[in-house]
1. Grab the Cα-Cα distance for residue B:305 and residue B:190, subtract it from 0.36 nm times how many residues apart they are, and report the gain in nm with one decimal.
2. Gain in length, residue A:190 to residue A:34, computed as 0.36 nm per residue apart minus the alpha-carbon separation, to one decimal in nm?
3. Under a 10 Å cutoff between Cα atoms, tell me which one of A:265, A:212, A:368 has the largest fluctuation in the Gaussian network model of chain A.
4. Please tell me the relative contact order of chain B in percent, rounded to the nearest whole number, where contacts are Cα pairs under 8 Å and at least six residues apart.
5. Looking at chain A as a GNM with Cα springs under 10 Å, which of A:73, A:28, A:308 has the largest mean-square fluctuation?
6. Using the 10 angstrom Cβ neighbour count as an exposure proxy, how do B:479, B:405 rank, fewest first?
7. In what sequence do A:171, B:469, A:210 fall when counting other Cβ within 10 Å, fewest first?
8. Within the P(r) computed for segment B:84-346, what percentage of the Cα pairs occupies the region above 36 Å?
Ligand SMILES: Cc1ncc(COP(=O)(O)O)c(C=O)c1O
């Protein structure tokens with residue numbers, strides 16, 4: 001029988017008899033007769049496993065994956081970092097991936113301990129005191145953080161930098177639609193959050209200031225100055241960070257962040273067309289009981305042995321219902337496990353080295369590109385692994401020319417920032433070789 | 001039997017990473033990074049070799065219990081077998097290596113898959129359009145309620161500020177209502193476990209935005225008054241939201257769209273056999289009737305037919321009335337691949353058989369336990385049922401104890417203490433992928449535990465005895481939270 005149903009005819013007959021039914025339909029007697037479907041669902045005919053495997057292979061073959069068949073210079077929230085074999089190998093252990101949320105700690109110590117390790121690593125990276133077990137992605141983590149900030153401060157305005165990922169800003173707007181909270185943008189005219197506008201708008205009604213660092217344009221914002229300004233108000237300071245950059249950059253916890261969010265796809269997770277990724281969420285100690293989502297804590301069992309449990313559950317929907325800090329239930333546990341394994345693989349020195357590689361390669365690519373006739377730099381200032389340039393031709397023309405030569409070029413910024421149309425956001429990670437970068441530069445040089 | 005933390009392994013200076021040497025000129029980071037933004041103290045990450053790493057997480061995995069380990073009758077969670085061919089399909093580089101902003105012409109396979117999956121879900125749920133963006137069930141609820149909210153706002157009905165939620169509802173339902181700025185109003189259940197129509201009649205009115213309902217509900221019961229319920233809410237001007245967590249009972253039999261629901265979310269990580277990952281990633285697509293399509297998050301995947309080029313799939317970002325995005329990019333695509341593969345493998349007949357056998361298994365197991373355990377709602381169940389132990393009147397032994405003792409017999413316990421309207425609830429969902437022998441074995445264990453509860457209650461109240469750790473001190477964990485490792489200096 002299809003559908004992984006193990007019943008033999010004899011089993012089925014015996015079981016129907018045991019429940020006093022003559023046929024399957026008897027079991028659906030509570031469904032009003034006129035509501036029952038009269039004909040089969042209109043779906044394609046079933047496939048055997050072998051046919052399905054072929055079908056899926058053919059479907060996959062209709063894609064030309066950026067990470068496989070091209071030199072990819074796209075970033076903007078999804079990054080082509082190398083995923084070490086060991087990560088994939090370990091997350092494919094089915095004791096991990098076929099388990100549910102660890103509601104029964106005695107038989108879930110594997111997941112629980114791994115989450116505790118994840119939380120610890122996120123705290124180390126961000127310089128915060130507590131982190132949760134994960135959020136859906138960087139965008140929802142950021143939106144929930146901003147809403148949380150308004151809740152704890154009792155204020156109703158969120159100031160968000162225009163240099164926060166545009167899709168993250170869209171999610172923030174969606175999340176606040178039903179709440180009496182307004183979202184106001186702080187422009188980023190020079191590619192960084194405008195400090196004067198921020199200071200001017202930071203009134204007593206502001207509950208949260210949201211900044212991304214490095215920001216959407218790749219630029220490293222002046223965290224300490226921003227932190228100082230925000231910390232002088234009653235608003236909480238939320239920094240959305242790229243975990244790879246934190247191998248080199250000052251942790252937001254050291255420049256006044258109250259909440260740090262971000263997406264850890266870059267750590268051990270494939271790009272997967274934008275999901276599943278994994279959001280992280282970290283806070284200073286005083287907001288531990290205000291966080292959304294699952295949290296794992298250390299404890300001991302009856303014999304004094306160390307163990308781990310889901311804790312601080314009095315914040316959560318299954319206990320608090322409409323008074324919960326969030327409705328989140330399932331999160332992105334397996335992706336968080338991949339991030340944990342990747343971070344362990346890199347270790348203290350490896351993460352720094354990875355960040356240095358990205359920095360050096362992006363810097364090299366930028367220098368070679370802006371040296372070209374007809375390619376203009378757009379912003380000044382230090383950047384990490386992404387940067388903005390403006391070629392003479394339109395980004396669409398440039399990208400289609402590059403594509404013909406096996407290169408996926410940068411993001412056309414006009415799509416999100418009309419005022420920056422003509423600008424392109426390039427990303428260079430450790431996976432791009434010098435040869436690929438030189439090739440990009442060569443092609444950009446003749447594409448006029 | 002507990003394991004050291006990864007931080008407690010290894011040695012300073014060790015690393016598993018074999019990163020390449022830079023092939024470009026390197027400027028010292030200190031010269032490139034602004035002074036105030038340099039990291040002064042490196043993050044205390046583990047320093048282990050690759051072997052250490054592999055052994056550590058392999059050992060951790062051995063402390064876990066998954067569907068691949070054994071029977072996992074966790075009610076409301078549909079822990080069915082996760083077919084391995086789907087895992088293989090989802091790890092094809094043609095899927096994993098796609099960048100969300102790469103040109104659409106390079107992503108035709110992915111867009112086609114999403115386009116078709118949307119239509120399959122529409123057919124199964126009886127809805128016109130779906131968004132695939134939500135990452136889980138609760139995220140779908142948020143999306144659905146925001147759609148309902150946008151609809152009322154468009155109609156100028158901003159006074160609709162209440163969401164009706166039955167007392168048997170999952171906690172995410174009221175929590176979602178609050179996140180959308182709604183007040184939750186609880187609707188009573190009747191003696192048969194369904195919605196109390198009189199109470200609903202009394203509560204539904206000009207301030208009703210919606211009802212959120214799970215059907216079959218969290219007692220595993222199909223509410224036979226479903227049409228009256230959705231009618232009452234519609235007459236009051238509200239909309240009907242279906243929490244589709246329990247769709248595994250009804251595929252090919254009856255559809256939320258035909259029950260009068262306007263919005264539904266499905267859990268691909270339950271009904272459509274994608275693994276739960278120890279707590280995610282899931283996927284919670286939301287389906288709507290046509291009149292709500294304008295409010296769906298964008299982009300939607302559309303198809304253009306051209307004589308020469310044939311079919312081209314594309315992302316349509318237009319939609320002035322859309323509630324906006326609920327997530328960056330397009331949703332948990334990797335999960336969609338597995339659900340798509342599952343639907344293609346089973347087809348209409350296979351999905352219907354899956355639901356029928358899920359219901360048969362639940363009713364069979366219920367029959368096997370009715371002599372021993374109290375059955376608060378004694379009627380035909382759907383894919384799950386709720387017991388309120390124990391018939392013997394033994395009060396020392398609580399549901400928590402039964403659950404813990406089941407671990408000693410090698411089973412994952414059912415969901416406990418939910419739904420809230422049943423005292424000491426034990427919620428059992430066997431799923432269709434379990435055999436008669438497995439169900440017989442599980443029923444025998446539960447009966448044996450009932451005997452133990454009478455004859456040697458300490459064995460049950462002291463359980464589990466055979467797990468890597470014993471019962472853990474949750475009170476101290478919450479009172480004095482230790483949420484991270486810190487190196488002793
Ligand atoms: C009835 C019901 N609704 C909603 C949810 C939430 O789903 P998710 O964990 O995917 O967010 C669950 C999950 O357990 C559920 O059982």
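1. Computed gain between residue B:305 and residue B:190 is 36.2 nm.
2. Working: separation 156, 0.36 × 156 = 56.16 nm, distance 6.40 nm.
The span from residue A:190 to residue A:34 would gain 49.8 nm if fully extended.
3. A:368
4. 18 percent
5. With Cα springs under 10 Å in chain A, the top fluctuation among A:73, A:28, A:308 is at A:28.
6. B:479, B:405
7. Least to most surrounded, the residues fall as B:469, A:171, A:210.
8. 14 percent
Read-outs throughout are calculated quantities, based only on the coordinates presented, and are distinct from any laboratory measurement. Bear in mind that the values here come from a model prediction, so they are computed numbers and not experimental data. A quick note on method: Cβ atoms are made from the backbone with ideal geometry, for glycine too, and the neighbour counts reach across all protein chains shown.
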